[in-house]
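Structure first, commentary second.
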Amino acid sequence: MLSLAVLPWVHRAWTKRRTDKTTTEIGLEIEEASNSTDTSDDAQLSGSEEIRDREAAPPVASMRDKLSKARAAISDRLKGIEGGSISSSMWEELEELLILADVGVETTLDAVNRLRETARLEKLETGIELLEALKRQMEEDLSCERELSLSASEGSVPVWLFVGVNGVGKTTSIGKVARRLTDEGLDVLLAAGDTFRAAAAEQLEKWARLCDADFVRGSEGADPSSVIFDSVEAAKAREIDVVLADTAGRLHNKVNLMEELAKVRRVADRASGQVCEVLLVIDATTGQNGLSQAQEFAETAGVTGIVLTKLDGSAKGGIVFAVEKELGLPVKLVGLGEGDRDLVDFDPQQFVEAMFGDD
């Protein structure tokens, strides 16, 4: 009887030991899957995005190193401001710098107007003083609650929905979040709510295997809401800590698809589940275009936060300020590389320093 009782524990321990051993094999399988006819970002974990062995992963570089491309785009203008005295031409230079960083016209004008008042009150005279005041103001503008919530009512399973347009990296982001949560000791279930693209479910299943997470998928073309419902019920029965639910990529201006997303959101909140996070995944390289996406998704799905992917590859990091200023949505996670540990909590202080700090 004792041996039967411990069999489930032995099996789980053996599975965890197998995870690291099979990481390379799974990475290769995902790389092969990227050669399928579906070429969207969500369907690919190509050579540059293949999953790396956790034990062999290099140390995560600093945010300054990761945002070198964004910083390089404005570095010359930063030096020009640092080296002079405050003048009308410097204010123009500062406006151009912020717009170049894709902070957005309205957000830039608001930021500069407030900074002018600070400069007057504090009697600032030099460009260095002005940039220090700008950094303080930006950090204050980004001061809000960013913690990811797992707080569901008693008896309910926390659900995180991932939404966004095609090709922004939703499925990859879910896999990286799953890796992070399982590393923290949580039991995770991945729900393949994108039933229109078989490659998405296959990719998500490989992430589940890598992370030792549970996995639920439906038949191709099935109602996404039913898959999410089944996933939550399965998580409840298996005493899973959190469900990470993928959804089909959709254009923000397609009314019928957005209505379907609203239905998925409602169903995920029924019975055994409670939606704690609705995370809108945006590709940082799209810049201000991502803002129009965010507006529609926020209204339809009740978005609680932003996952900003490919921030390390963009010269448009200022989108962070535009999103938070105009939508009131916090950026909660940012992608700073290709490795499975490179989706990290957004740190406003580190971000501002990396973008506008001294060399």
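Computed from the coordinates by the stated procedures, all read-outs in this text should not be read as laboratory data. Remember, predicted model here, so these are calculated numbers, not experimental data. Methodologically, a virtual Cβ is constructed for each residue, glycine included, from the backbone with ideal geometry; neighbour enumeration extends over all protein chains shown.
Miscellaneous remarks
- Counting every other Cβ atom within 10 Å of each residue's Cβ, 276, 211, 144 order from fewest to most as 144, 276, 211.
- Over 19 Å between alpha carbons, listed pairs 170/310; 135/325; 206/236: 206/236
- The loop-placed trypsin sites (Lys or Arg not before Pro) in the range 86-166, going by DSSP, that have at most 14 neighbouring Cβ atoms within 10 Å of their Cβ come out as 123.
- Cα-based convex hull, the range 280-359, per residue volume (Å³, whole number): 92 Å³
- Under 5 Å from the amide H of residue 340 lie the amide H atoms of 52, each residue being 5 or more positions distant or on a separate chain, with H modelled from the backbone and absent for Pro and chain starts.
- Rounded to the nearest whole Hz, the Karplus-based 3J(HN,Hα) values (6.51 cos²θ - 1.76 cosθ + 1.60, θ = phi - 60°) of the range 86-94 follow the sequence 5, 8, 4, 5, 5, 5, 5, 4, 5, with x at glycine and proline.
- Residue-span extension gain [residue 151 to residue 238] - 0.36 nm each, minus C-alpha spacing: 29.5 nm
- Stretching residue 125 away from residue 77 to a fully extended chain increases their span by 15.5 nm, per 0.36 nm per residue minus the current alpha-carbon distance.
- From phi via Karplus (6.51, -1.76, 1.60), per-residue ³J(HN,Hα) for the range 314-322 in Hz, x at Gly/Pro: 10, 9, 10, x, x, 4, 4, 5, 5
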